[in-house]
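Undergrad: One structure, as structure tokens, below. Some questions next.
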Amino acid sequence: MAERARAQLRAEALDVAEELVVAGRFGMPELASRLGVSRQTLYNEFGDRHGVTSALVLRSTERFLDGIEAALAGERDLHAAWVAAVAAALHRAADEPLLKALLTGDSDVLGAEPIVVAARDRAAAYLRRTWPELENVDLAAETAARLTVSHIGLPLAPPEVIAEQVATVVVRTCARR
């Protein structure tokens, strides 16, 4: 039971921390106050402010990457898989202010680089597993990640149009052997 209460506190703390980070008001005293716990309770769970933000970024990144991989896996055709993955990433970032802030550099928590690298690596691994005959997989995955993040920060078209464009670039980059 104690472990369940701890997990529930941790999840609630991360939810509140996300709200505070997005609002630009994150601090351990504010977080403790909002949760109705002592700062020491938070320090025991997370270590320090950096521990909270690291856990928050990790949670957000994992959810984001799981969504991208699920979208890729939902399609059998390479082009359709990338359209789905890019559209999922664009919609997720639009729906989650913290994720958008992390990816566009509008947050003092962490830059986009670790998220882009993780997205690139997971996408490339998925491509290798699913379509082993493809070439230039690393280049295609990196290009897709960078183009998608660019469009999150400055969307010049609707998500579906951007997804189609990025997918076209990726498929043309992935020459078949």
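The values are calculated or read from the model by the stated rules, or taken from the named source; none is laboratory data. Note that the structure is a prediction, hence the values are computed from the model and not measured. All Cβ positions, glycine included, derive from the backbone under ideal geometry; neighbour counts span all protein chains shown. Ligands, DNA and RNA are excluded from the accessible area calculation, which covers all protein heavy atoms including side chains. Shrake-Rupley method; radii C 1.70, N 1.55, O 1.52, S 1.80 Å.
Undergrad: Look at region 46-70 and say how many of its residues are open to solvent by 30 Å² or more (accessible area, probe 1.4 Å) and part of a helix (DSSP H, G or I).
TA: Total satisfying the criteria: 10.
Undergrad: How about region 20-41: which of its residues are open to solvent by 30 Å² or more (accessible area, probe 1.4 Å) and in contact (Cβ under 8 Å) with a residue 12 or more places away in the chain?
TA: Correct list: Val22, Arg34, Val37, Thr41.
Undergrad: For region 71-85, enumerate the residues that are of a type in the set (A, V, I, L, M), buried (at least 21 other Cβ atoms within 10 Å of the Cβ) and under 17 Å from Arg129 (Cβ atoms).
TA: Within region 71-85, Ala71, Leu72, Ala81, Ala85 meet the criteria.
Undergrad: With respect to the numbered conditions (1) of a type in the set (A, V, I, L, M, F, W, C); (2) within 17 Å of Arg76 (Cα to Cα); (3) under 18 Å from the mean Cα position of the chain (by Cα), which one is the sole condition not fulfilled by Ala144?
TA: So the condition that Ala144 fails would be (2).
Undergrad: Give region 88-125 a look and list any residue that's open to solvent by less than 20 Å² (accessible area, probe 1.4 Å) and at pLDDT 85 or above, or say none.
TA: The answer is Ala89, Leu90, Ala93, Ala119, Ala123, Ala124.
Undergrad: Inspect region 59-73 for any residue being in contact with a strand residue (DSSP E or B) (Cβ under 9 Å, 6 or more places away or on another chain) and under 23 Å from Leu139 (Cβ atoms) and give the result as yes or no.
TA: no
Undergrad: For Arg10, indicate whether it is within 30 Å of Ala141 (Cα to Cα), in contact (Cβ under 8 Å) with a residue 40 or more places away in the chain, surrounded by 13 or more Cβ atoms within 10 Å (Cβ to Cβ) and of a type in the set (D, E, K, R).
TA: So Arg10 fails the test.
Undergrad: Restricting the search to region 126-161, which residues are open to solvent by 70 Å² or more (accessible area, probe 1.4 Å) and either of a type in the set (Lys, Arg) or part of a helix (DSSP H, G or I) (or both)?
TA: Within region 126-161, Arg128, Arg129, Asp138, Leu139, Arg146, Glu160 qualify.
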